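Engineer: Pasting a structure here, questions to come.
Just so it is clear, none of the values below were taken in a lab; they were calculated from the coordinates. Values in this document were obtained by computation on a predicted structure and should not be read as measured data. Here the Cβ is made from the backbone with ideal geometry for all residues, glycine too, and neighbour counts use every protein chain on show.
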Amino acid sequence: METITVKASKTYNVEVGSGLLTTVGARLALLCPAPRRVMLVSDDTVFALWGEMAVTSLEAAGYTVTTFVFPHGEASKNTATLLNLWNAMATAKLSRSDVAVALGGGVVGDLTGFAAATYLRGIACYQIPTTLLAMVDSSVGGKTAVDLPAGKNLCGAFSQPIGVLCDADVLQTLPADIFAEGCAEVIKYGYIGDKQLLAMLETPFQNDPVPVIARCIADKRDVVEMDEHDNGPRQLLNLGHTGGHAAEKLSDFSISHGAAVAMGMVMAAKAAVARGICKPDVPLHMENMLRRYGLETECPFAASALAEAALSDKKRRGGEVTFVFPVQLGKSELYPVPAAELAALFSAGGAK
Ligand code: GLY
């Protein structure tokens, strides 16, 4: 097992290994000893696979467990589900000393984290991510949110978990496309600032994912510790996200987040070449890497449509967008880009 300690406004451990889910009760007990109430939050798909194992372990450790299970998918990450969860917490009489446990992917983690950050002005939240994407990104760093009709993650809070448990065994039941979208976020860390990770990814890591997952979490830890509230270097984690979010939106979310980030990264790298801040070997390397992990690299949308969609993104600050450009293999930098230049940038990045 590998343990990564995150020292942000709260200090907590992210534990990564195999066979950990059966030990969740004992691990949680080290952080907040039973007896206490636990609200275990999951979606219907994940709960059917892993819910019983988690509940059994928590009850064996002395917790009183109530479950809140909602339909899987981004459509559930809204204020209606949040209200139902708050009410379920109140009905179960959760107090300030009780705990919310998120068992699932990014939707479950973000929603549970936000409910925990706000119920009784904040109770503890323990994250058990079950997708690769949630393990390497959304469960770590304290971003919690729900979507509004106007856009994704528009209402949320920075609130760090008390701990994160990544059991790589649960990845075995992930459909190939969901695993691939997590790979896009894994690969992203390499181009942001980890050339050694890019070397590790030359060999497929599916059969031995723990070292790669742990390395990505350590990379994320480093930027979160520098900039917990996302005003500076944490924005490097948005490599591929300006174009990616725009593509996701234009596809009506039929293109998954990770798949869209893959396209966005390639556009950013090609645009960086056109701006003279990066050599052509970088987008070439990136395209080969993404394809190796089953990801599309061509964005099907027009540059002007992407620019329009990107400008409604919450990452826009005034008349500028902070854009992440790769500058060499294993290194990216932040650049302010005037909103008026976005369409030309996407066009230079290979969009139609
Ligand atoms: N997912 C990007 C971040 O945590 O900042």
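Engineer: Express as a percent, rounded to the nearest 5, the fraction of DSSP beta bridges in the range 1-83 (both residues included) that run antiparallel. If you can, show how the numbers build up before the last one.
Structural biologist: Details: 6 of 13 bridges.
Of all bridge pairs located within the range 1-83, approximately 45 percent are antiparallel.
Engineer: For the range 124-167, rounded, prolate or oblate, judged on the Cα gyration tensor with a ≥ b ≥ c (square roots of eigenvalues), a/c < 1.5 rounded, else prolate if a/b > b/c?
Structural biologist: Details: a/c = 2.92, a/b = 1.62, b/c = 1.80.
Taking the square roots of the gyration eigenvalues as a ≥ b ≥ c, the range 124-167 is oblate.
Engineer: Quick one: check the C-alpha center-to-center distance for the range 70-120 versus the range 4-25, whole angstrom.
Structural biologist: Using only Cα atoms, the two centres lie 20 Å from each other.
Engineer: Determine the calculated [θ] at 222 nm for the chain from helices alone, applying -39500 (n - 2.57) to every DSSP H run no shorter than 4 residues and normalising by the residue count; nearest 500 deg cm²/dmol. Please report the intermediate quantities before stating the final value.
Structural biologist: Numbers: 12 runs with 140 residues, N = 352.
-12000 deg cm²/dmol, from helical runs alone.
Engineer: Apply the Karplus parameterisation 6.51 cos²θ - 1.76 cosθ + 1.60, with θ equal to phi minus 60°, to every residue of the range 67-73 and state each ³J(HN,Hα) to the nearest whole Hz, in sequence, with x for glycine and proline.
Structural biologist: Along the range 67-73, the couplings run 10, 10, 10, 10, x, 5, x Hz.
Engineer: Another question, then. Considering only Ala176, Ala309, Ala272, give the residue with the highest GNM mean-square fluctuation for the chain, with springs between Cα atoms whenever their separation is below 10 Å.
Structural biologist: Ala176
Engineer: Give the percent of DSSP beta bridges with both residues in the chain that are antiparallel, rounded to the nearest 5.
Structural biologist: Approximately 45 percent, going by the DSSP bridge assignments.
Engineer: Pairs Lys77/Lys352; Lys152/Lys220; Lys77/Lys270; Lys77/Lys195: which are spaced more than 28 Å apart, C-alpha to C-alpha?
Structural biologist: On the way: Lys77/Lys352 32 Å; Lys152/Lys220 21 Å; Lys77/Lys270 33 Å; Lys77/Lys195 35 Å.
Where the Cα-Cα span goes over 28 Å, the pairs concerned are Lys77/Lys352; Lys77/Lys270; Lys77/Lys195.
Engineer: Run through the range 159-225 and list the GluC sites (Glu not before Pro) located in a DSSP loop whose Cβ has at most 13 other Cβ atoms within 10 Å.
Structural biologist: Values: sites: Glu181, Glu185, Glu202, Glu225; in loops: Glu202.
Those that pass, being in a loop and sparsely packed, are Glu202.
Engineer: If you don't mind, there's one more thing I want to ask. Angle check, please: helix 79-91 long axis (alpha carbons) against the longest principal axis of the chain (alpha carbons), in degrees 0 to 90, nearest 10.
Structural biologist: Helix 79-91 sits at roughly 20 degrees to that axis.
Engineer: Karplus couplings for the range 105-122 from phi (6.51 cos²θ - 1.76 cosθ + 1.60, θ = phi - 60°), rounded to Hz, Gly and Pro as x?
Structural biologist: Per-residue couplings from phi come out as x, x, 5, 4, x, 5, 5, 5, x, 6, 4, 5, 5, 10, 5, 6, 6, x Hz.
Engineer: Can you compute the equivalent ellipsoid semi-axes for the range 254-352, i.e. the square root of 5 times each eigenvalue of the Cα gyration tensor, sorted largest first and rounded to whole Å? Present the calculation step by step, with values, prior to reporting the outcome.
Structural biologist: Details: eigenvalues 82, 55, 27 Å².
Taking √(5λ) for each eigenvalue gives 20, 17, 12 Å, largest first.
Engineer: What are the ³J(HN,Hα) couplings of the range 135-148, residue after residue, when phi is run through the Karplus curve with 6.51, -1.76, 1.60 and θ = phi - 60°? Round to Hz, x for glycine and proline.
Structural biologist: So the Karplus estimates, Gly and Pro as x, are 5, 8, 9, 5, 7, 10, x, x, 7, 10, 5, 10, 8, 10 Hz.
Engineer: What is the distance in Å between the Cα centres of the range 291-352 and the range 26-65?
Structural biologist: Value for the Cα centre distance between the two parts: 41 Å.
Engineer: Right, another one. Could you pull out the trypsin sites (Lys or Arg not before Pro) across the range 20-109 that fall in loop regions by DSSP (anything but H, G, I, E, B) with no more than 15 other Cβ atoms inside 10 Å?
Structural biologist: Lys93, Arg96
Engineer: Now, a different point. If I fit a long axis through the Cα atoms of helix 257-274 and take the longest principal axis of the Cα atoms of the chain, what angle between them do I get, 0 to 90°, rounded to 10?
Structural biologist: 30 degrees
Engineer: What does the net charge come to around Asn13 if you take all other residues with beta carbon closer than 13 Å to its beta carbon, with K and R at +1 and D and E at -1?
Structural biologist: +2
Engineer: Taking only C-alpha pairs under 8 Å that are 6+ residues apart, what is the relative contact order of the chain in percent?
Structural biologist: Dividing the mean separation by the residue count of the chain yields 15 percent.
Engineer: Springs between alpha-carbon pairs under 10 angstrom, Gaussian network model over the chain: which of Asp137, Asp110, Asp230 fluctuates most?
Structural biologist: Result: Asp230 has the largest fluctuation of those listed.
Engineer: So, one more: I need the Debye-formula profile for the range 61-130: one equal scatterer per C-alpha, no solvent, reported as log10 I(q)/I(0) at q = 0.26 1/Å, two decimals.
Structural biologist: -1.33
Engineer: Normalised by the empirical 2.2 N^0.38 Å for globular proteins, what value does the Cα Rg of the chain take?
Structural biologist: Cα-based Rg divided by the globular estimate yields 0.97.
Engineer: At q = 0.27 Å⁻¹, what base-10 log of I(q)/I(0) does the Debye formula yield for the range 167-230 when every alpha carbon is treated as an equal point scatterer in vacuo?
Structural biologist: Each listed q corresponds, in turn, to -1.24.
Engineer: Let me ask something else about it. Simple spin-label model, 7 Å along Cα-to-Cβ: Ala90 to Ala75 in nm?
Structural biologist: 2.7 nm
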